[in-house]
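For reference, the structure discussed in these notes is given below.
The values are calculated or read from the model by the stated rules, or taken from the named source; none is laboratory data. Being a predicted model, the structure only gives us computed values, none of them experimental. With ideal geometry, Cβ positions are generated from the backbone for all residues, glycine too; neighbour counts draw on all protein chains shown.
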Amino acid sequence: MAVKKMWGGRFNAVSPEFAQEFGASIDFDQAMAAEDIEGSIAHVTMLGSTGILPAGDVAKIKTGLQDIQKDLEAGKLEFTVANEDIHMNIEAILTQKIGPVAGKLHTARSRNDQVATDFHLWVCHRLPEVISSIDGLQKVILKLAEDNVETILPGVTHLQHAQPISLGHYFMAYFSMLQRDKERFQFNLKHASISPLGAAALAGTTFPIDRQQTADLLGFQSVYNNSLDAVSDRDFAIEYLSNASMLMMHLSRLSEELIIWASYEYQYAEMDDAYATGSSIMPQKKNADYAELIRGKVGRVYGDLTSLLTVMKGLPLAYNKDMQEDKEGVFDATTTIMGSLHVMNGMLSTLHIKKDNMAAAVQNDFSNATELADYLATKGLPFRQAHAIVGKLVLKGIQTHTPLQDMPLSELQAASPLVEKDVYVDLDPKTAVERRTSFGGTGFDSVRQQIAAGKKLLSEVE
């Protein structure tokens, strides 16, 4: 039996069931049920304080909404496609509880500003959770960095050994990436925390509402200055998805590092058994599947961002039904980034680092070639000439399987008379790392400075 719509006064026909299902959003926007009730309580409170509704009606509506809130928390609410969306479902339930007076709740508002309010609130409520999870992962990374300041591994460019670096320095690079991610989400809160409530359908209302009061009651930092913008703006959601995409990109890069490090060829690290899987046919396998999943799930979040950008790109002011497609991607991205952050936290917290293998990797790889070139430059030789001399030594070393630090002094001096016995100190990988004391460099003291600065950042959050 067809259900008469709350907005159906000027309609003589009801859409067929398949069309109603296509147009309904309750399957996903019920995720905002708590925010919808929260917004309605604030709205009716304002309607009472401004005298738009009598105190008795306000009390009855507010009590009904609070009862629905309890039912929601207890998992007792049932929503229907016939009522289309979360707003109409809540209003229908409220009507069942308190009768026709429930219809007064919608005075001086529209579903357009109502859904925008719900969505803003939903994002505002999730942002602190995301930021806290990033903060938690930073703490794990900071601990790894602190424990591995003097752990040496090859730094690479183009996936080729470049120069020896501190593993602590390596981890602090990811700490910095996550810090920027966190700061982007923190800034996102400024745009999410703007109240659209009171913009009504698009033009505001003739009722003497107090938009600042509802904004204050809901914890918003400010109020939209333009009613058209209020109901049609989804920049805050696009910004959220953009931030989520960058976060996932960083997590994917770190996942790729872990996958490579755990490979048989590298053996720099091993995943804890809790964060690895086996093969159904090959008994020896230990796969970094969780890291691979994080790497793969980036595509979902990128897709969520592209989808919403595409939805919004051609919409005239103000609200359009296309904007019903704005929420699912944000919900999906939130699930994805929160899961990825928690899994990465667990992987890194239990990661076994094979320090000896990392140290061995810088012994015969000629990654100390720059040290010899710098050594000659400090003796007064133009760096370009020094580079050419060392390049020839490296070629000879490759041909004879002799690392630079194992070449006889006479051979090095034949290449350049500027070389003295102290060159072997500079060619030691640990010394090579330790001496890079420039600000932000991989020198041990520099890394410790980065760690101290990171601790300060995290303490400011707490």
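Is segment 353-360 home to any residue that is in a loop (DSSP other than H, G, I, E, B), in contact with a Gly (Cβ under 7 Å, 6 or more places away or on another chain) and closer than 30 Å to L427 by Cβ? Write out each step before concluding.
Going residue by residue through segment 353-360, those that are in a loop (DSSP other than H, G, I, E, B) are 354.
Going one step further and asking which of them are in contact with a Gly (Cβ under 7 Å, 6 or more places away or on another chain), we end up with none.
No, the conditions are met nowhere in segment 353-360.
Conditions (1) more than 19 Å from A215 (Cα to Cα); (2) out of contact with any strand residue (DSSP E or B) (no Cβ under 8 Å at 6 or more places or on another chain); (3) of a type in the set (S, T, Y); (4) at pLDDT 95 or above, marked per residue:
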site	(1), (2), (3), (4)
F22	yes, yes, no, no
S25	yes, yes, yes, no
E35	no, yes, no, yes
I41	no, yes, no, yes
G51	no, yes, no, yes
G64	yes, yes, no, yes
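Is at least one residue of segment 377-386 of a type in the set (S, T, N, Q), at pLDDT 95 or above, in a helix (DSSP H, G or I) and under 28 Å from Y268 (Cα atoms)?
no
Which of the residues that make up segment 163-216 are among the basic types (K, R) and more than 21 Å from the chain's Cα centre (by Cα)?
The initial filter retains those residues of segment 163-216 that are among the basic types (K, R), namely 180, 182, 184, 190, 211.
Correct list: R211 only.
Just to verify a result, which residue in segment 347-394, among those that are basic (K, R) and not assigned by TED's automatic domain parsing to the domain that holds E265, is nearest to the chain's Cα centre (by Cα)? Steps first, answer last, please.
Of the residues in segment 347-394, the ones basic (K, R) are 354-355, 379, 384, 392.
Among the residues that remain, those that are also not assigned by TED's automatic domain parsing to the domain that holds E265 are: 379, 384, 392.
Values: K379: 48, R384: 43, K392: 47 Å.
Residue satisfying both the conditions and the ranking: R384.
Among (1) part of a helix (DSSP H, G or I); (2) at pLDDT 95 or above; (3) of a type outside the set (A, V, I, L, M, F, W, C), which single condition is Q324 missing?
Here Q324 clears every test but (2).
In segment 218-238, how many residues are surrounded by fewer than 19 Cβ atoms within 10 Å (Cβ to Cβ), at negative phi and out of contact with any strand residue (DSSP E or B) (no Cβ under 8 Å at 6 or more places or on another chain)? So that I can check it myself, show each step before the final result.
Step one: of segment 218-238, the residues surrounded by fewer than 19 Cβ atoms within 10 Å (Cβ to Cβ) are 219, 221-223, 225-226, 228-229, 235.
From what's left, at negative phi: 221-223, 225-226, 228-229, 235.
Retained after the next criterion (residues that are out of contact with any strand residue (DSSP E or B) (no Cβ under 8 Å at 6 or more places or on another chain)): 225-226, 228-229, 235.
Count: 5.
Only residues in segment 325-346 that are in the same structural domain as T306 (by TED's automatic domain parsing) and free of Cβ contacts under 8 Å to residues at least 60 places away in the same chain count as the first member; pair them with residues that are of a type in the set (D, E) and in a helix (DSSP H, G or I), Cβ under 8 angstrom, at least 6 apart or cross-chain, and list the lot.
Going by the 8 Å Cβ cut-off, the qualifying pairs are D332/D304.
Quick grid of which residues meet (1) part of a helix (DSSP H, G or I); (2) within 30 Å of M177 (Cβ to Cβ):
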| residue | (1), (2) |
| --- | --- |
| L53 | no, no |
| A59 | yes, no |
| F79 | no, no |
| L94 | yes, no |
| N112 | yes, no |
| V140 | yes, yes |
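Is it the case that some residue within segment 96-109 is of a type in the set (V, I, T), under 26 Å from W122 (Cα atoms) and surrounded by fewer than 17 Cβ atoms within 10 Å (Cβ to Cβ)?
Step one: of segment 96-109, the residues of a type in the set (V, I, T) are 98, 101, 107.
When the remaining residues are screened for being under 26 Å from W122 (Cα atoms), the result is 107.
The next check asks that each one be surrounded by fewer than 17 Cβ atoms within 10 Å (Cβ to Cβ); those that pass are 107.
Checked segment 96-109: at least one residue is of a type in the set (V, I, T), under 26 Å from W122 (Cα atoms) and surrounded by fewer than 17 Cβ atoms within 10 Å (Cβ to Cβ).
Of all the residues that make up segment 279-313, how many are buried (at least 16 other Cβ atoms within 10 Å of the Cβ), in a helix (DSSP H, G or I) and among the small types (G, A, S)?
Residues in segment 279-313 being buried (at least 16 other Cβ atoms within 10 Å of the Cβ), in a helix (DSSP H, G or I) and among the small types (G, A, S): 2 in total.
Given the criteria farther than 18 Å from P154 by Cα, in the same structural domain as G443 (by TED's automatic domain parsing) and over 42 Å from the mean Cα position of the chain (by Cα), does V423 qualify?
Numbers: farther than 18 Å from P154 by Cα: yes; in the same structural domain as G443 (by TED's automatic domain parsing): yes; over 42 Å from the mean Cα position of the chain (by Cα): yes.
Taking the combined requirement at face value, the residue satisfies it.
Suppose we filter segment 184-219 for residues that are of a type in the set (A, V, I, L, M, F, W, C), part of a loop (DSSP other than H, G, I, E, B) and touching a helix residue (DSSP H, G or I) at 6+ places or on another chain (Cβ under 7 Å); how many remain? Even if it seems obvious, please write down each step before you answer.
Residues of segment 184-219 of a type in the set (A, V, I, L, M, F, W, C): 185, 187, 189, 192, 194, 197, 199-203, 207, 209, 215, 217-218.
Right, trim to part of a loop (DSSP other than H, G, I, E, B) and you get 197, 199-203, 207, 209.
Those left that are additionally touching a helix residue (DSSP H, G or I) at 6+ places or on another chain (Cβ under 7 Å): 197, 199-203, 209.
Result for segment 184-219: 7.
State whether the residues of segment 434-443 include one that is within 21 Å of Q163 (Cα to Cα), hydrophobic (A, V, I, L, M, F, W, C) and crowded, with 17+ Cβ neighbours inside 10 Å.
First pass over segment 434-443, keeping only residues within 21 Å of Q163 (Cα to Cα): 434-443.
Going one step further and asking which of them are hydrophobic (A, V, I, L, M, F, W, C), we end up with 439.
Retained after the next criterion (residues that are crowded, with 17+ Cβ neighbours inside 10 Å): none.
No: segment 434-443 contains no residue that is within 21 Å of Q163 (Cα to Cα), hydrophobic (A, V, I, L, M, F, W, C) and crowded, with 17+ Cβ neighbours inside 10 Å.
Right, S193: more than 27 Å from S242 (Cα to Cα), of a type in the set (S, T, N, Q) and touching a strand residue (DSSP E or B) at 6+ places or on another chain (Cβ under 9 Å) or not?
Details: more than 27 Å from S242 (Cα to Cα): no; of a type in the set (S, T, N, Q): yes; touching a strand residue (DSSP E or B) at 6+ places or on another chain (Cβ under 9 Å): yes.
For S193, the condition - more than 27 Å from S242 (Cα to Cα), of a type in the set (S, T, N, Q) and touching a strand residue (DSSP E or B) at 6+ places or on another chain (Cβ under 9 Å) - is not met.
Could you list, in sequence order, all residues of segment 389-404 that are loosely packed, with under 12 Cβ neighbours inside 10 Å and either among the aliphatic types (A, V, I, L, M) or touching a His at 6+ places or on another chain (Cβ under 8 Å) (or both)?
Matches in segment 389-404: L395, I398.
Kindly establish whether G155 is touching a residue at least 12 places away in the same chain (Cβ under 8 Å), in the same structural domain as Y268 (by TED's automatic domain parsing) and touching a strand residue (DSSP E or B) at 6+ places or on another chain (Cβ under 6 Å). Working first, answer last.
Numbers: touching a residue at least 12 places away in the same chain (Cβ under 8 Å): yes; in the same structural domain as Y268 (by TED's automatic domain parsing): yes; touching a strand residue (DSSP E or B) at 6+ places or on another chain (Cβ under 6 Å): yes.
Considered against the rule, which asks whether it is touching a residue at least 12 places away in the same chain (Cβ under 8 Å), in the same structural domain as Y268 (by TED's automatic domain parsing) and touching a strand residue (DSSP E or B) at 6+ places or on another chain (Cβ under 6 Å), G155 comes out as yes.
Among T402, T437, T442, which is the only one that is assigned to a loop (DSSP other than H, G, I, E, B) and in contact (Cβ under 8 Å) with a residue 60 or more places away in the chain?
Working: T402 fails: in contact (Cβ under 8 Å) with a residue 60 or more places away in the chain; T437 fails: in contact (Cβ under 8 Å) with a residue 60 or more places away in the chain.
When all the criteria are applied, what remains is T442.
Could you check segment 408-462 and list, in sequence order, the residues that are β-branched (V, I, T) and in contact with a Lys or Arg (Cβ under 9 Å, 6 or more places away or on another chain)?
Step one: filter segment 408-462 for residues β-branched (V, I, T), giving 419, 423, 425, 431, 433, 437, 442, 447, 451, 461.
Once the filter is applied, which keeps residues that are β-branched (V, I, T) and in contact with a Lys or Arg (Cβ under 9 Å, 6 or more places away or on another chain), segment 408-462 yields V419, T442, V461.
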